[in-house]
Amino acid sequence: MTSGETTKAGRREWLGLAVLALPTFLVSFDIFVLLLALPQLSADLGANSNEQLWIMDIYGFLLAGFLLTMGTLGDRIGRRKLLLIGATVFGVASATAAFSTSPEMLIAARALLGIAGATLAPSTLALISTMFRDDKQRAGAIGIWGGMFTLGAIIGPILGGFMLQTFWWGSVFLLGIPAMVLLLVAGPAVLPEFRDTKAGRVDLPSVALSLAGILPLIYGVKELARAGWEPLPLAAVLVGLLFGTLFIRRQRRLSDPLVDLSLFSNGSFSATLGGMLTYSLVGGATMLFATQFFQLVGGLSTLESGLAMLPGMAAATVAFAITPGLATKVRPAFLIAGGLLGTVICMIVFSTTHSVTTLVVGFAVFSFCGAPMVALGTNLVIANAPMEKAGSAGSLAQMCNEFGSALGIAVVGTIGSAVYRHQIDGSVPADAPRSSPTPPATASPVPPPP
Amino acid sequence: MSDAPERLRTAVLAPAQEAFTGSLHVVTGIGAVLLAAVALLIVTKLRHVPPVGQEAPAAEDAPETAPEASADERRPEVAKV
């Protein structure tokens, strides 16, 4: 498919993109804003530390768990239909979260938000694929889509901080409702419907196997980062891997699988997903260690360390906007690899620095250089999938980001903790605390890259 | 007596900061190696993909399968970004 052979998107499609930008922006915005609100709502609801962790984590667990199912479901029942259902549930769950009267109620509302959130990213990506058939226009649209994530992380603390100072903590959850109402009103007018009419019914055992694989795996990986090599998270990882293997074996047998594994036989598709997974892995780990460095070594507060990441978010937003234009002149392989070489230089600088300023500036350069991997990578994944599988492909791209970030925090974080313990042994008094400063997996004040 | 907590704090904090900086250095060093490997993978596997909006050379642009699928339904093996 080339630009010359296809119909160019017009005003209706660009208006549709503006409508699709709303949920994308809100998902990122919600993550940041909750971190700001957590101290207030914990005090108000009397949430203990365990409940606080579940308030934060349940969203990410269920989002990652349901991504594959929702991506495929959108392809089967209609992408616009799934998006509008997801937006409705997201709005209702937001209102429930805002008026929660107990930690349990808030955890349940956050769980519902996670499931609803899982419908949004694959649906929006798949709809972009439907609306923008022209290569250049689709690349630009996906660049804007990616930029919305980082914009949410920038505006989140500013608007959220204002709301928290002016109103009660629940007000930050209400911010999403007008946007979802606008999506419900404008969506049917400006968004096209697309579904795969040849696809069969969703295979429910596959759905169950995917949830039984992904949920324990994500839980185990996050807990390994938080608690170390404890039996429970280790068992959770093993259970997740077992069900994951059964899931893959079932997909190979089915004529109409939940995930079409034949997509991976395309080298471009697999290499791009692998690249996105690794970039998220390194990005997630670097972000975690950088924010801890700001606090432990630089003496910044949690909020200040979050704000120190904002130049990086702004740089990524700019890069998402200009990458599609550059990609019309330079082959994506060289644009992505050139950007990655820039991130390698940043990492080499990070591996020798003792300066907070260097880390702040370096993270901005890192985010700018890494943006082509995310923006063009997402576009390549979508472009390499058949039109009727765009939702499924979009959910795989999102899964790579979710898993990559969690794996980076767990695996690279564990290595960092081991280095810390090794270095500190013998250099502090015998009765001084030796525990690693590696924080809970939820401590990163910024969302992972889209 | 009142200096004791401060002395302990100083004795713990400086080595902890030094050790954490060391762990940051190791983590980012690992990250540099991983990202360099990804750059190599991307150049190897995607170098044939043309710039956005341009067609790939005919030899590389063969559709992979699905003769029943129309051109609009199924994108070719070589992706255009």
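The values are calculated or read from the model by the stated rules, or taken from the named source; none is laboratory data. From a predicted model like this one, the values you see are computed outputs, not experimental measurements. Ideal geometry is used to build each Cβ from the backbone, glycine not excepted, and the neighbour counts take in all protein chains shown. Surface accessibility is based on the protein's heavy atoms, side chains included, excluding ligands, DNA and RNA. Shrake-Rupley method; radii C 1.70, N 1.55, O 1.52, S 1.80 Å.
Using the structure shown, decide if A:SER351 is among the small types (Gly, Ala, Ser) and surrounded by 18 or more Cβ atoms within 10 Å (Cβ to Cβ). Here the answer is no, as A:SER351 does not meet what is asked.
Working carefully through the options A:THR88, A:THR101, A:THR96, find the one that is surrounded by fewer than 21 Cβ atoms within 10 Å (Cβ to Cβ), assigned to a loop (DSSP other than H, G, I, E, B) and among the hydroxyl-bearing types (Ser, Thr, Tyr).
Result of the check over A:THR88, A:THR101, A:THR96: A:THR101.
Close Cβ contacts (under 9 Å, 6 or more residues apart or on different chains) running from residues in the range A:44-60 that are open to solvent by 40 Å² or more (accessible area, probe 1.4 Å) to residues that are at pLDDT 80 or above and aromatic (Phe, Trp, Tyr) comprise A:ASP44/A:TRP168; A:ASP44/A:TRP169. Restricting attention to the range A:255-270, and to residues there that are open to solvent by less than 50 Å² (accessible area, probe 1.4 Å) and not in a helix (DSSP H, G or I), which single residue is nearest to A:ALA337 (Cα to Cα)? Per the criteria, the residue is A:ASN266.
Put simply, of A:THR286, A:THR291 the only residue that is under 21 Å from the mean Cα position of the chain (by Cα) and within 10 Å of chain B (Cβ to nearest Cβ) is A:THR286.
Yes or no: the range A:349-361 includes at least one residue that is facing another protein chain (nearest Cβ under 7 Å) and in contact with a His (Cβ under 6 Å, 6 or more places away or on another chain).
Going residue by residue through the range A:349-361, those that are facing another protein chain (nearest Cβ under 7 Å) are A:350-352, A:354.
Narrowing further to those that are in contact with a His (Cβ under 6 Å, 6 or more places away or on another chain): A:351.
Checked the range A:349-361: at least one residue is facing another protein chain (nearest Cβ under 7 Å) and in contact with a His (Cβ under 6 Å, 6 or more places away or on another chain).
The residues on offer are A:LEU340, A:LEU273, and the sole one that is surrounded by 19 or more Cβ atoms within 10 Å (Cβ to Cβ), part of a helix (DSSP H, G or I) and within 10 Å of chain B (Cβ to nearest Cβ) is A:LEU340.
Given the structure, is A:VAL297 crowded, with 19+ Cβ neighbours inside 10 Å, β-branched (Val, Ile, Thr) and over 23 Å from the mean Cα position of the chain (by Cα)?
Considered against the rule, which asks whether it is crowded, with 19+ Cβ neighbours inside 10 Å, β-branched (Val, Ile, Thr) and over 23 Å from the mean Cα position of the chain (by Cα), A:VAL297 comes out as yes.
Among the residues of the range A:69-85, is there at least one that is touching a Leu at 6+ places or on another chain (Cβ under 8 Å), closer than 18 Å to A:GLU402 by Cα and open to solvent by 10 Å² or more (accessible area, probe 1.4 Å)? Among the residues of the range A:69-85, at least one is touching a Leu at 6+ places or on another chain (Cβ under 8 Å), closer than 18 Å to A:GLU402 by Cα and open to solvent by 10 Å² or more (accessible area, probe 1.4 Å), which makes the answer yes.
Looking across A:THR302, A:THR328, one residue alone is at the interface with another protein chain (Cβ under 9 Å from one of its Cβ atoms), surrounded by fewer than 23 Cβ atoms within 10 Å (Cβ to Cβ) and of a type in the set (Ser, Thr, Tyr). It is A:THR328.
Here A:ALA179, A:ALA186 are screened, and the one residue that is in a helix (DSSP H, G or I), over 30 Å from A:SER102 (Cα atoms), touching a residue at least 24 places away in the same chain (Cβ under 8 Å) and open to solvent by 10 Å² or more (accessible area, probe 1.4 Å) is A:ALA186. None of A:ILE154, A:ILE158 is farther than 27 Å from A:LEU376 by Cα and open to solvent by 30 Å² or more (accessible area, probe 1.4 Å) except A:ILE158.
For first residues located in the range A:233-248 and in the same structural domain as A:PHE264 (by TED's automatic domain parsing), partners that are at pLDDT 95 or above and part of a helix (DSSP H, G or I) and lie 6+ apart or on another chain with Cβ distances below 9 Å do not occur. Being assigned to a helix (DSSP H, G or I) and either buried (at least 19 other Cβ atoms within 10 Å of the Cβ) or modelled with pLDDT of 75 or more (or both) is a condition met by at least one residue of the range A:424-439.
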